[in-house]
Structures are given as C-alpha cells and as structure tokens.
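Data first, discussion second: the structure below is written as structure tokens.
Nothing in this text is a laboratory measurement; each read-out follows from the coordinates by a stated rule. Only a predicted model underlies this, so the values are computations on that prediction, with no experimental measurement involved. Cβ placement follows ideal geometry from the backbone for every residue including glycine, while neighbour counts extend to all protein chains displayed.
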Amino acid sequence: MKTYKPTSPSRRNMVTLDYKELTVSKPHKKLTKGGKRSMGRNNQGRITTRHKGGGNKRRYRQIDFLYNKFDIPAKIETVEYDPNRTAFISLVVYADGERRYVVMPKGVKVGDTFMVSENAPLKPGNRLPLVKIPVGTFIYNIELKLKGGSKMVRSAGSYAQVTAHDGGTTNIKLPSGEVRKVPDTCWASIGEVSNSDHKLIKGGKAGRSRWRGIRPTVRGSAMNPVDHPHGGGEGKQGIGLRRGPKTRQGKQAYGVKTRRAKKYSNHSIVKRRVSKRQG
C-alpha cells in the first residue's frame, strides 16, 4: 500500500495501491471496446439506481469467463489494471496462439501456466469440474450452470470453499457465509482472486469517488418530509414513531429480508448468509 505526505487534508487520509505487480500500462487493443455506461438509467432514461453518473471514460476489457478452450495450456503474459473491476487481469496466450483476458488469481506471476482440464493438477489458476475438486479447497470463478460461464466469486481478494459433495451437487461456502448447492458438473478455478489489498484503499477526498462515477449520497434525515420519510423536524430528529428505518420509497430497510419468497434458486441454498445488521 502507498501512503502520502500530508500536504493537504485529502492527501493526509489517502491510501492507494502501489501497483508494483502491474507489468504494462496499456491494454491489448484487440480485446477492448468502447461504449457508453448506463449511469444508473434504464432503457427509458429513468434513474433506477441512484448515486451513479459522470466519472472518467473507460475502455472495456473483454474478459473470458467461459474458459471453453480445454486441455490447451495457457501462459500468463501480463498483469494489468482493469477500471471495470476490483481484481487485476492477465493477458494469456494459449498454445495455439490465441490471446484472451482472464481474472488473475493470487500467487501467480508472469510466465506461469494454467490449464482448463478435467485432469489438471490442483494448483492456482487451473480450472476443473467441481466433482474433481477435494473438500476444503479454495476456489473462484464458479459456474452456476454447465457452460454458463463464471458467475460467482470474481472480485478482488475473494474466494469460496468446497465443503461437501453429495448426490450430484457440491456444497460451496461463499464469501458472504452462505452455503449453496451447485451441480458438480460445473467448473471452477483453483485459488483466490488477486489484489486482496483492494479493501485497504482510502480515497481521501470526495473527488476520487466522482472520478469513479459515484455521486454523493444525502442522508434522509437531512431532507424535507416531502423527499424522505426521515426528513423534517427542527434540528436533529430521530425516525419518530415508525417501526424502523425506511428507504426513500417508504420500504423497511436494514436487516429486512428482501429475497423473493419464490425465487427459482431458493432450493439451492443450504444455509443463508448472516446479515451484520440483524440481531
């Protein structure tokens, strides 16, 4: 991590990554594309997610989450920064000459190789079906459906753990603490996601959030009653006689279960995650 001399109030509180692991500064042009981000709007232009907008322009790196080149060794050529995700990415070249971007695992360096194979050894970066991965192994880039591509555990420093194999399914403990059943024919990568220090970053000033496209969040208690259920009152006020904290739309917030009662994947959850606000 990199700290700064306190030449200003923002610098005093700033902590960033030193990026010593990175090997190149510009992405592989053939695997990038432009485009406009949604900025929290839907196809009608209406805001569906608040506090999004602005920010620096980004080139999107086309990451390979399918991993559909089997039994062909791939060599890691670079370690790169990706503005669209928290983890580092790597440009890899397969033995047949094709290049792709992948999410980089922890403990792997330039020149190392990995393979997507049912018979691959258990080392970081290799990818196998869940049925071939022993109990207790750390994994990431996990499929939910066969050939559906990696959907879970892709952010910086995260990992899941195989806890059991039972009747065609594998129990996986996710970073949230939830234990979930996944068909054991699905594939996952061995190891942890890179850039585990990402959680230690401190922006130091509001401007860094604006550069990232994150707009300010105003407290409900600072608003008028017409704008928020917590608004109004002379001086600082509590939430009054309400049953609990509310969202801007008047729904209950903090510690309230929001999962649909008939969600298609409910049968796959062995143990629910534990919310820190519950209790």
| said: Viscosity 0.692 mPa s, temperature 37 °C: give me the Stokes-Einstein translational D for the chain in µm²/s, with Rh taken as the Kirkwood radius over C-alpha pairs. | reply: 150
| field | Charge dipole of the chain about the Cα centre (unit charges at C-beta), most positive-ward option of V218, G35, V24 | value | V218
| query | Cβ under 15 Å from K20's Cβ, K20 left aside: what net charge do those residues give with Lys, Arg +1 and Asp, Glu -1? | reply | -1
| remark: Residue separation between H51 and R243 times 0.36 nm, minus their alpha-carbon distance, gives in nm 66.5 nm
| task | Find the all-direction average of the projected area of the Cα convex hull for the range 218-279, expressing the result in square nanometres with one decimal place. | result | 6.0
| query | How much FRET efficiency would the formula 1/(1 + (r/R0)^6) give for D96 and K33, where r is the Cβ-Cβ distance and R0 is 22 Å, rounded to 0.05? | reply | 0.40
| note | Length gained if L146 through N84 is fully extended, taking 0.36 nm per residue and subtracting the Cα-Cα distance, is 19.8 nm
| field | Simple label model, 7 Å out from Cα along Cβ direction - A253 to V15, nm | value | 2.7
| Percentage of interatomic Cα-Cα distances in the range 19-128 larger than 18 Å | 56
| task | Please name whichever of P121, S268, G231 sits farthest to the positive end of the charge dipole of the chain, dipole taken about the Cα centre and charges placed at Cβ: Lys and Arg +1, Asp and Glu -1. | result | G231
| remark: DSSP beta bridges in the chain: the antiparallel percent, rounded to 5, is 95
| task | Would you compute, from DSSP H runs of 4+ residues alone, the mean residue ellipticity of the chain at 222 nm, taking -39500 (n - 2.57) per run and dividing by the full residue count, rounded to the nearest 500? | result | -500 deg cm²/dmol
| query | If each Cα of the range 130-279 is one equal point scatterer, what is log10 of I(q)/I(0) from the Debye formula at q = 0.15 Å⁻¹? | reply | -0.96
| Which residues does a label at I72 reach in the range 111-145, if reach means a backbone N under 14 Å from a point 7 Å past the Cα toward the Cβ? | 114-117
| note | Expressed in angstrom and rounded, the centroid-to-centroid distance over alpha carbons for the range 220-255 and the range 1-55 is 32
| query | If all Cα-Cα distances of the range 33-90 are sorted into 5 Å bins from 0 onward, what percent lands in each bin, rounded to whole numbers? | reply | 4, 13, 17, 18, 17, 12, 8, 6, 4, 1
| Considering only the other residues whose Cβ falls under 14 Å of the Cβ of P183, what net charge follows from Lys and Arg at +1 and Asp and Glu at -1? | +3
| said: Sort 132-143, 92-103 by the packing proxy (mean of other Cβ within 10 Å over each peptide's residues), most packed first. | reply: 132-143, 92-103
| request: For each of I76, I214, count neighbouring Cβ atoms within 10 Å of the residue's Cβ, then give the residues from fewest to most. | output: I214, I76
| field | Label point distance in nm, K2-Q161, each placed 7 Å from Cα along Cα→Cβ | value | 3.5
| Cα coordinate range in the range 78-179, projected on the principal axes (Å, largest first) | 39, 29, 24
